[in-house]
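Asks: I'd like to ask you about the structure that follows.
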Amino acid sequence: MAKTATKAATKPAETTTKQTVNKPAANKASAAKVETVEPKDVKKLQTPAVRPQSTAVAAASANLPAHMQGDVDLGKEDIGRDDMDMPRLKLMQGLSNELTVYDDLRAGNFFHTAAEMIFDEPVRVVPIFFDKQYILWRPLEAGGGILARAQDGIHWSPSSGEFKVKLDKKDGGHEVVWNLKAPTVQESGLANWGTMNPADSNSPPAATMMYNFLLAFPDHPDLMPAVLTFQRTSVKIGRKLLTKIKTVRTPLFGSVFTLSSFDDHNGSNQSFKNINMTGAGLVEDPDLYESYKQLHLSIKGSGGLKIKDIETAQTDPDDDTAGNDGRPAY
């Protein structure tokens, strides 16, 4: 199957103001395809025909007028990672706000937020870096936002404190106290089952665990890597991916996976879109592999992923009752 990426077309101005309308966009014509790769055999899938740098420059130049083609990226030399938002790769759900903004975006599509690119078919990706973290969210009906965060997956920041909150109505609406009685996630117990509402042992964890993967696109080397977050409904998928990665000797950034979506259901038989990742071989091009390695080492050396808009993850329209993974703590 061909792997396609489409530049999203925004809705007319009068439509984009209606951000609160949570329904799929009208079925209008899709934007022109910007790149289509037709794999003919496994070997070609795993080995890009040209070096990534020259491919990226050629792709960028092709979209520029002739008088600009010699000046690709000129003037951007001083724009660093700290100056930019981390691009995100989001799986669209039926209630995703982006569906009210882009005409050709549909539930089940993956959307590259920075490039406004739509992947409407399975796409090959390479995991460059990942982190595991926990977030203690203020309930949405109380204003939402982060109360505490363990960005390294171990230590809370702040390291102590007591939070009196009123749970959202869907969680019972009870007034509860979440206590950072210890500086680590494990010692605090807030990631354990039964801590959202301490009076109810069947309540989910107070803290949300998430895996964040920075993914590169070997068939689209001009596209910036983007972060895909696994949480709630997809946390089990993230675990399976990590298991696949851990059980082979290949470096993290040396494996290729095919990313797609599928229809899933929660315990209440409500449907939603979930993530599927299957192995698709190795990064066999030495130059591409080296660029991924250097990116991995650069991120690791600078303190890991820095997702400035992580607060938006609280309102991602997935169903958190499907992602609690049973009774054990997650």
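Asks: If you check every pair at least six apart or on different chains, which have Cβ atoms under 7 Å apart with a residue in the range 283-311 that is more than 15 Å from V227 (Cβ to Cβ) first and a residue that is part of a helix (DSSP H, G or I) and modelled with pLDDT under 90 second?
Replies: Within 7 Å, the pairs are E284/Q46; D287/P52; L288/P52; S291/P52.
Asks: While we're looking at this one, here's another question. Could you tell me which of the residues T195, T243 is assigned by TED's automatic domain parsing to the domain that holds L288 and not basic (K, R)?
Replies: On the way: T195 fails: assigned by TED's automatic domain parsing to the domain that holds L288.
Result of the check over T195, T243: T243.
Asks: Considering every residue within the range 301-311, establish whether at least one is modelled with pLDDT of 90 or more and farther than 23 Å from T100 by Cα.
Replies: So the first thing to find is which residues in the range 301-311 are modelled with pLDDT of 90 or more, and the list is 301.
Next, only the ones that are farther than 23 Å from T100 by Cα stay: 301.
Scanning the range 301-311 turns up at least one residue that is modelled with pLDDT of 90 or more and farther than 23 Å from T100 by Cα.
Asks: Moving on to the next point. Could you grab me the full set of residues in the range 183-204 that are surrounded by 14 or more Cβ atoms within 10 Å (Cβ to Cβ), part of a loop (DSSP other than H, G, I, E, B), touching a residue at least 12 places away in the same chain (Cβ under 8 Å) and among the small types (G, A, S)?
Replies: Listed by number, the residues that qualify are A191, S203.
Asks: Same structure again: Could you list, in sequence order, the residues of the range 205-237 that are in a strand (DSSP E or B) and in contact with a helix residue (DSSP H, G or I) (Cβ under 8 Å, 6 or more places away or on another chain)?
Replies: Here is the first cut: in the range 205-237, the ones in a strand (DSSP E or B) are 208-216, 226-231.
The answer is T208, M209, M210, Y211, F213, L214, A216, T229, F230, Q231.
The values are calculated or read from the model by the stated rules, or taken from the named source; none is laboratory data. All of these numbers come straight from a predicted model, not from anything done at the bench. Note that each Cβ is placed from the backbone with ideal geometry, even for glycine, and that neighbours are counted across all protein chains shown.
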